[in-house]
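Here's the structure we're looking at; comments come further down.
The values are calculated or read from the model by the stated rules, or taken from the named source; none is laboratory data. Because the structure is a prediction, the values reported are computed rather than measured. Neighbour counts run over all protein chains shown; Cβ positions are idealised from the backbone, glycine included. For the accessible areas, the whole protein counts, side chains as well, though only heavy atoms, and no ligand, DNA or RNA atoms are used. Shrake-Rupley method; radii C 1.70, N 1.55, O 1.52, S 1.80 Å.
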Amino acid sequence: MKTLNDFLRMKKDGEKIVMLTAYDYPSARLAEEAGVDVVLVGDSLGMVVLGYDSTVPVTMADMIHHSRAVRRGAGKTFVVTDMPFLSYQISPAQALENAGRLVQEGGCEAVKVEGGEEIAAQVRALTRAGIPVCAHVGLTPQSATALSGYKVQGRTAEAANKLLRDALALEEAGAFMIVLECIPVQVAQLVTGRLSIPTIGIGAGAACDGQVLVWHDTLGMFDRFTPKFVKKFETLGVKAKDAVGAYAREVREGTFPGPEHTFTMNEAELKRIYGDG
Ligand code: KIV
């Protein structure tokens, strides 16, 4: 399993960090077997797994439940679990109590929180308690309504400077890694160059120290909307629908199950039931 020191070294050596979300046992197993460096149990599960319109309804119970499944599937991979909406914003004490539950009950190595300078006190409290924190700035989906939607952030000099100030404050508070979501590549490059902790981009261009994508986007399993920054590396949604269609057809036609899927009894036992007649 990678450690915090490994992530720092990877940044120094220019070795890209691969992060991918996973939400259950099979996806976590596949991510680990494919050699992903960090599995993120993202609260995006609210949208891609639970079918909500945003990440806001996701609860602590949801995050613990999915985190435990991911832990079972990826026992040798560094797992970061998202702190859900309003589980940390209220106070450092609230953040500590809930982060503690995610680590103890969910089994993750670290937690992720969305926000800038305004949550630096929370990041400091968690770090001091020995809970590694991954920060998340730029487009922060938990506050998408306040940001007037899922839009590119940091496009003006003022907004870019604020983003840099936020990132520096979070690093100073103890964050070991920071996700930069949906910002211009030049801003991501500036922030990445100014921080000593690794930046992980999603919609932030190739200059970041690593990249993260959502499982269902990567595999083409979510078609409600596709942001510009998503690359679908497969079309599993289409393939799954075709496979389920084929199953339904064969059941209806009576061609499944075939002899190769069927158990039989030997003649002697059959005779004991039916006799010789
Ligand atoms: O919830 C999530 O999956 C995330 C990633 C998109 C970074 O926060």
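Across 195, 30, 50, the residue with the most accessible area heads the list, and the full order at a 1.4 Å probe is 30, 50, 195. For the residues 54, 67, a 1.4 Å probe over the protein chains yields an accessible-area ranking, largest first, of 54, 67. Counting only heavy atoms of the protein chains and using a 1.4 Å probe, residue 85 has close to 80 Å² of accessible surface.
Rounded to the nearest 10 degrees, the angle from helix 92-104 to the longest Cα principal axis of the chain is 30 degrees. Modelled label positions at residue 157 and residue 61, each set 7 Å beyond Cα in the direction of Cβ, lie 5.1 nm from each other.
Within the shell defined by Cβ-Cβ distances under 15 Å, the residues around residue 65 carry a net charge of -1, with Lys and Arg each +1 and Asp and Glu each -1. Cβ-Cβ distance of residue 4 and residue 239, R₀ of 45 Å, FRET efficiency by 1/(1 + (r/R0)^6): the value works out to about 0.75.
Among residues other than residue 244 with Cβ under 13 Å from its Cβ, the summed charge is +2 (Lys and Arg +1, Asp and Glu -1). Taking the C-alpha atoms only, the angle from helix 60-73 to the longest principal axis of the chain is near 60 degrees. When the chain is described by a simple charge dipole with +1 on each Lys and Arg Cβ and -1 on each Asp and Glu Cβ, the residue from 163, 270, 87 located farthest towards its positive end is 163.
For residue 145, the accessible area of its heavy atoms, probed at 1.4 Å with every protein chain present, is near 130 square angstrom. What share of Cα pairs, in percent, lie more than 25 angstrom apart in the chain? Counting every Cα pair in the chain, those more than 25 Å apart make up 49 percent. Think of the chain as having a plus end and a minus end, set by charges on the Cβ of Lys, Arg, Asp and Glu; of 207, 219, 7, 207 sits farthest toward the positive end of this dipole. Think of each Lys and Arg Cβ as +1 and each Asp and Glu Cβ as -1; about the Cα centre, that makes the dipole of the chain roughly 440 debye. Among residues other than residue 226 with Cβ under 11 Å from its Cβ, the summed charge is +2 (Lys and Arg +1, Asp and Glu -1).
Highest mean packing comes first when the peptides 3-10, 182-189 are listed by Cβ atoms within 10 Å, giving 182-189, 3-10. Residue pairs exceeding 26 angstrom between C-alpha atoms, taken from 151/232; 76/112; 2/228; 11/239: 2/228; 11/239.
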